[in-house]
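Down below is the structure, laid out as structure tokens.
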Amino acid sequence: MINDIALIIKHLEDDTEADVMRAAIDQYKNSHQSAVIILSSNSSKGKIRVSIGVSEVLTERISAEEIAKNMSDLLDGKGGGRANFANAGGSKPENIDKAIKVAKELIKNS
């Protein structure tokens with residue numbers, strides 16, 4: 001929990017498909033009224049994929065797209081999307097812990 005926001009962070013199995021990650025985020029958002037969900041998965045090609053979901057009640061304060069863009073900078077990749085759902089990724093999966101730390105700071109300062 002950060003500032004009454006449930007923060008759910010999970011690293012999934014390698015090569016988890018984007019649509020599976022999206023479905024998991026939707027399930028978490030349905031069971032948590034005020035949550036930020038960050039799911040990641042390494043690829044067999046040495047990259048990482050991250051999906052970020054933000055509950056609708058939080059999108060005025062917290063943007064999944066902003067989180068994705070900031071995380072992708074550390075992952076040496078790209079990020080973007082909408083306020084309630086975004087994707088990030090890059091070629092430096094070893095930086096995922098640093099990227100998650102940046103995401104936590106963004107949430108804490110929102």
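Across the chain, C-alpha contacts under 8 Å between residues 6 or more apart give a mean separation that, scaled by the residue count, equals a relative contact order of 22 percent. Loop-resident GluC sites (Glu not before Pro) (DSSP state other than H, G, I, E or B) in region 6-110 with no more than 11 further Cβ atoms inside 10 Å of their Cβ: GLU13, GLU17, GLU60.
Amide H contacts of ILE9 (H built 1.01 Å from N, in plane; Pro and chain starts excluded): ILE38 sit under 5 Å, all sequence-distant by 5 or more or on other chains.
Of the DSSP beta bridges with both residues in the chain, give the percent that are antiparallel, rounding to the nearest 5. The antiparallel proportion sits near 75 percent. From the list [x] 14.9; [y] 19.4; [z] 13.3, can you say which value of Kirkwood radius over Cα pairs in Å was derived from the structure given? Entry [z].
Bear in mind that the values in this text are calculations on the coordinates, not laboratory data. As the structure is a computational prediction, the values presented were derived from the model and not from experiment. FYI the Cβ positions are ideal-geometry reconstructions off the backbone, even for glycines, and counts take in every protein chain you see.
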